[in-house]
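I have placed the structure first, in the form of structure tokens, so that the comments after it can refer back to it.
The values are calculated or read from the model by the stated rules, or taken from the named source; none is laboratory data. Just so it is clear, the structure is predicted and the values come from calculations on it, not from any experiment. Please note: Cβ atoms are built from the backbone with ideal geometry, for glycine as well, and neighbour counts cover all protein chains shown. Only protein heavy atoms, including side chains, enter the accessible area calculation; ligands, DNA and RNA are left aside. Shrake-Rupley method; radii C 1.70, N 1.55, O 1.52, S 1.80 Å.
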Amino acid sequence: MIDMSAVLAVFTVYIVGVVIPGPNFVAVAHKAVSARRTEAFALVAGIVLVNLFWASSALLGIGVVFALFPWLAMAIKVAGAGYLMWFGYRLIAQAAPSSGTPAATGKSGFRAAFLQGIATNIANPKSIAFYAAVFSSAAPSHVSTPTFLAMLLEVAVIASLWYGLVALVLSHAPVAGAYRRSKAWIDRACGTLIIALGLRQLLSR
């Protein structure tokens, strides 16, 4: 039997956590305006997959693991912050004016976007901290298999709907056209924001 009170508690916590802008949001927004819509959705799929991984880990006790081995949490935090800063630096370094429509990238572009979504989220200190602390505390210490699956389903649905909506709205032609007219400045702004998020996570306790 599904414990609806537990599912509702996780729903309330998760929907707030996923909507708050962070590296995932910036990555989806940038991909939506700079590439094809299918690539933006592929990046979203990678983010959702990692969300399911972190949610499963939280429900199975990742918070306990990090409490017992704080060095592991710190190592993941430093590595994740390092990736975000590298990703932001790359956006700034490659910022350049653009014209025309996004180039056709085919299957390799779709796969690359999916892997970028995985890398961005799995190295996102905000996600790790959220699932290890907030999400795991909202869920009961022991849940039945139906409740466990229901919680994972709501994570998948909420993340897909939110990031999918962001990708859909920002990939519209007028928005993408505005991006191409100001590509260099937007890329530098996104890169700076991602570096700042990485630094904040690195320096936070």
Worksheet item: For Leu68, are the conditions met, namely being farther than 22 Å from Gly198 by Cα, at pLDDT below 80 and open to solvent by 30 Å² or more (accessible area, probe 1.4 Å)?
Response: yes
Discussion item. Which count do you get for residues in the stretch 140-190 that are under 18 Å from Glu39 (Cβ atoms), modelled with pLDDT of 90 or more and open to solvent by less than 50 Å² (accessible area, probe 1.4 Å)?
Written reply: 5
